[in-house]
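**Student:** After the structure tokens below, expect a handful of questions from me.
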Amino acid sequence: MVFAASSLSESFAELGAAFERSHPGVEVQFSFAGSGDLVAQIIDGAPADVFAAADTDDMTTLTDAGGADGPPRIAARNTFSIIVERGNPRNIDSLADLARSDILVVLCADSVPCGRGAAAVLERAGVSVAPKSFEDKVKGVVLKVVSGEADAGIVYTTDVLAAADRADGVEIPAEFNQSNEYPIVATIDARNSGGARQFIDFVSSDEGQQILTTYGFLQP
Amino acid sequence: MNRRPPLAAVVLASIATAFFALPLVGLLWRAPWSQAGHYLTDDTTLTALRLSLWSSAWAAALSTLFGVPLAWLLARVAFRGRTLVRALCTLGMVLPPVVGGVALFFALGRRGLVGQWLDRWFDVQLPFTTAGVVIAQTFVAMPFLVVSVESGLRQLDVRFEDAAVTLGASQWYTFRRVTLPAIRPALTAGVALAWARALGEFGATITFAGNFPGTTQTLPLAVYIARESSPEQSIVLALLLVAISFIVLMSLRDRWLTAGGTPSRPVRQ
């Protein structure tokens, strides 16, 4: 049972399938949600064997609460991008465009890594945005933009890639951007700690890293 | 008259009560009592509380305004397709709230079936607004009122209404003085249920209206978001929600839940 940040949805699903192929008899189940939501569930006793967060803050919450079995490993890194509707009809080219009054922006809530990261990026760029909604997970922002409800949002670069034909992305310059580290750890109450460790090893292995890279993640 | 209740009934009822009480006790047990005051007067809390009360009151009012005539039609008039209409109107009650929210999205969202015209012709957008919150809440709450009131109307002996009409009362007068008092328990329960359902609405709200403090972040949404960053605050918010609902339900006195009975005054000519 793997609890993983929602930005890991596609890549980890494939990782899980590959893991099951090379470890017959083991079944991997996933629960994808905002990292903050997941860590709250684990602390409350949810039956996770592995936890993969989208930044170190939420992982620290778990380790501070004594819920981690050993030090976390960094599985991957991710950067941020602006996501816009397919075809970019509003002609959004930069972070500054997000502050335009005719643009409807949604961001992640700051209770999740994507929200905290987006806030840091915007601050670095000196842009002040008035979003219409704070979504509880990054896929929520993706959905709002893909469905045309919002004009733009700030998500992970991997999310823009995952939404390939349904949305477009606008790059954020490196001087404003930040990279989030994705820590992964086995939980102390894991029912299958052997399996948990094997899965984490698999994620760090060449094959695992290969899969993550094809989804747009950066090496740890 | 107070008969001795059968043991089996008492045992089962006790288990049911314990089942309902347990989560509440759990909340009370984990609540950060020493910091409760601080969290209760927090901006986030007060804003969410104000918004919740305001939007749920509106949702209850709209549910009553539109729900009572609907219930009356469903109960009193045998029109073609009545079963279908009834099923349609109570769908919101069995549909998972998030599904309801997604459906509202596709109907009333900026690119939605009706929503796109609202946007293009009237520059009206419903998602991300308080109006959107009220709509989401009304969608899930109204069915409760409709079901309750229709049930009450069906149990009412139509002969009282017929008698009133025969004696010269207008339809509206009959409704006001004969029907309404007789269905008072069903109507009261219906409004209370609709209101409580609206207050606790989460799935449809977060999917359709979004989450923004002051505009769309109702108390349930605040509980959910706070849970991730400040579990203590989320417990206090949750208890606040429970307390409000409790107070309203407690004030539903027993006598309101018994019928207004037969009209005691003769109908005027």
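**Student:** Looking only at residues in the stretch B:228-245 that are away from chain A (no Cβ under 11 Å) and surrounded by fewer than 19 Cβ atoms within 10 Å (Cβ to Cβ), which one is farthest from the chain's Cα centre (by Cα)?
**Tutor:** Per the stated criteria, the residue is B:E232.
**Student:** Restricted to the stretch A:128-142, and to residues that are open to solvent by 30 Å² or more (accessible area, probe 1.4 Å) and at the interface with another protein chain (Cβ under 7 Å from one of its Cβ atoms), which residue is farthest from A:A96 (Cα to Cα)?
**Tutor:** Looking at the filtered set, the residue picked out is A:F134.
**Student:** Name the residue that is farthest from the other protein chains (Cβ to nearest Cβ), counting only residues in the stretch A:1-55 that are without any contact (Cβ under 8 Å) to a residue 60 or more places away in the chain, open to solvent by 10 Å² or more (accessible area, probe 1.4 Å) and part of a helix (DSSP H, G or I).
**Tutor:** Looking at the filtered set, the residue picked out is A:R21.
**Student:** Taking interchain pairs and intrachain pairs at least six residues apart, which have beta carbon atoms under 7 angstrom, with the first residue in the stretch A:71-90 and of a type in the set (A, V, I, L, M, F, W, C) and the second in a strand (DSSP E or B) and open to solvent by 30 Å² or more (accessible area, probe 1.4 Å)?
**Tutor:** Here the result reads A:I74/A:E181; A:A76/A:L218; A:I82/A:G169; A:I83/A:G169; A:V84/A:D168, each pair linking the stretch A:71-90 to a residue that is in a strand (DSSP E or B) and open to solvent by 30 Å² or more (accessible area, probe 1.4 Å).
**Student:** Here is a further query. Got a number for residues in the stretch B:201-210 being open to solvent by less than 10 Å² (accessible area, probe 1.4 Å), within 11 Å of chain A (Cβ to nearest Cβ) and over 14 Å from B:S55 (Cα atoms)?
**Tutor:** Total satisfying the criteria: 2.
**Student:** Check the stretch A:84-97 and report whether any residue there is under 29 Å from A:P220 (Cβ atoms), open to solvent by 10 Å² or more (accessible area, probe 1.4 Å) and within 13 Å of chain B (Cβ to nearest Cβ).
**Tutor:** Checked the stretch A:84-97: no residue is under 29 Å from A:P220 (Cβ atoms), open to solvent by 10 Å² or more (accessible area, probe 1.4 Å) and within 13 Å of chain B (Cβ to nearest Cβ).
**Student:** Looking at B:A9, B:A21, B:A87, B:A71, which is the one that is under 19 Å from the mean Cα position of the chain (by Cα), of a type outside the set (D, E, K, R) and loosely packed, with under 15 Cβ neighbours inside 10 Å? So that I can check it myself, show each step before the final result.
**Tutor:** Details: B:A9 fails: under 19 Å from the mean Cα position of the chain (by Cα); B:A21 fails: under 19 Å from the mean Cα position of the chain (by Cα); B:A71 fails: loosely packed, with under 15 Cβ neighbours inside 10 Å.
Going through B:A9, B:A21, B:A87, B:A71 in turn, just one is under 19 Å from the mean Cα position of the chain (by Cα), of a type outside the set (D, E, K, R) and loosely packed, with under 15 Cβ neighbours inside 10 Å: B:A87.
**Student:** Taking the conditions exactly as written (open to solvent by less than 80 Å² (accessible area, probe 1.4 Å), within 14 Å of chain A (Cβ to nearest Cβ), in a helix (DSSP H, G or I) and on the phi < 0 side of the Ramachandran plot), does B:Q116 satisfy them or not? Give the derivation first.
**Tutor:** Working: open to solvent by less than 80 Å² (accessible area, probe 1.4 Å): yes; within 14 Å of chain A (Cβ to nearest Cβ): yes; in a helix (DSSP H, G or I): yes; on the phi < 0 side of the Ramachandran plot: yes.
Yes: the conditions hold for B:Q116.
**Student:** Here are some residues: A:A150, A:A109, A:A125. Which one is open to solvent by less than 50 Å² (accessible area, probe 1.4 Å), within 14 Å of another protein chain (Cβ to nearest Cβ) and in contact with a Phe, Trp or Tyr (Cβ under 6 Å, 6 or more places away or on another chain)?
**Tutor:** A:A109
**Student:** Further question: Could you grab me the full set of residues in the stretch A:108-134 that are of a type in the set (A, V, I, L, M), out of contact with any strand residue (DSSP E or B) (no Cβ under 6 Å at 6 or more places or on another chain) and not in a helix (DSSP H, G or I)?
**Tutor:** A:V112, A:V127, A:A130
**Student:** Right, another one. Does the stretch B:25-44 include one or more residues that are under 30 Å from B:L187 (Cα atoms) and touching a residue at least 60 places away in the same chain (Cβ under 8 Å)?
**Tutor:** no
**Student:** When you go through A:D58, A:D102 one by one, which is the residue that is out of contact with any strand residue (DSSP E or B) (no Cβ under 7 Å at 6 or more places or on another chain), open to solvent by less than 20 Å² (accessible area, probe 1.4 Å) and without any contact (Cβ under 8 Å) to a residue 60 or more places away in the chain?
**Tutor:** Testing whether each residue is out of contact with any strand residue (DSSP E or B) (no Cβ under 7 Å at 6 or more places or on another chain), open to solvent by less than 20 Å² (accessible area, probe 1.4 Å) and without any contact (Cβ under 8 Å) to a residue 60 or more places away in the chain leaves just A:D58.
**Student:** Condition check: more than 30 Å from B:N211 (Cβ to Cβ), among the charged types (D, E, K, R) and assigned to a helix (DSSP H, G or I). Does B:R86 satisfy that?
**Tutor:** yes
**Student:** A further question on this structure: Do we find that A:Y182 is touching a Cys at 6+ places or on another chain (Cβ under 7 Å), surrounded by 18 or more Cβ atoms within 10 Å (Cβ to Cβ) and either within 13 Å of chain B (Cβ to nearest Cβ) or closer than 24 Å to A:T63 by Cβ (or both) in this structure? So that I can check it myself, show each step before the final result.
**Tutor:** Working: touching a Cys at 6+ places or on another chain (Cβ under 7 Å): no; surrounded by 18 or more Cβ atoms within 10 Å (Cβ to Cβ): yes; either within 13 Å of chain B (Cβ to nearest Cβ) or closer than 24 Å to A:T63 by Cβ (or both): yes.
Against the criterion (touching a Cys at 6+ places or on another chain (Cβ under 7 Å), surrounded by 18 or more Cβ atoms within 10 Å (Cβ to Cβ) and either within 13 Å of chain B (Cβ to nearest Cβ) or closer than 24 Å to A:T63 by Cβ (or both)), A:Y182 does not qualify.
**Student:** Among the listed residues B:R197, B:R176, which satisfies the condition of being at negative phi, crowded, with 17+ Cβ neighbours inside 10 Å and among the basic types (K, R)? Reasoning before the result, please.
**Tutor:** On the way: B:R176 fails: crowded, with 17+ Cβ neighbours inside 10 Å.
After applying the criteria, what remains is B:R197.
**Student:** On to the next question. Go through (1) modelled with pLDDT of 90 or more; (2) under 15 Å from A:N180 (Cα atoms) and name the single condition A:T63 misses.
**Tutor:** A:T63 satisfies every listed condition except (2).
**Student:** Are any residues in the stretch B:156-182 touching a residue at least 12 places away in the same chain (Cβ under 8 Å) and basic (K, R), and if so, which ones?
**Tutor:** Passing the criteria: only B:R177.
The values are calculated or read from the model by the stated rules, or taken from the named source; none is laboratory data. Given the structure is predicted, the values throughout are model-derived calculations rather than measurements. Here the Cβ is made from the backbone with ideal geometry for all residues, glycine too, and neighbour counts use every protein chain on show. All accessible areas refer to the heavy atoms of the entire protein, side chains included, with ligands and DNA or RNA removed. Shrake-Rupley method; radii C 1.70, N 1.55, O 1.52, S 1.80 Å.
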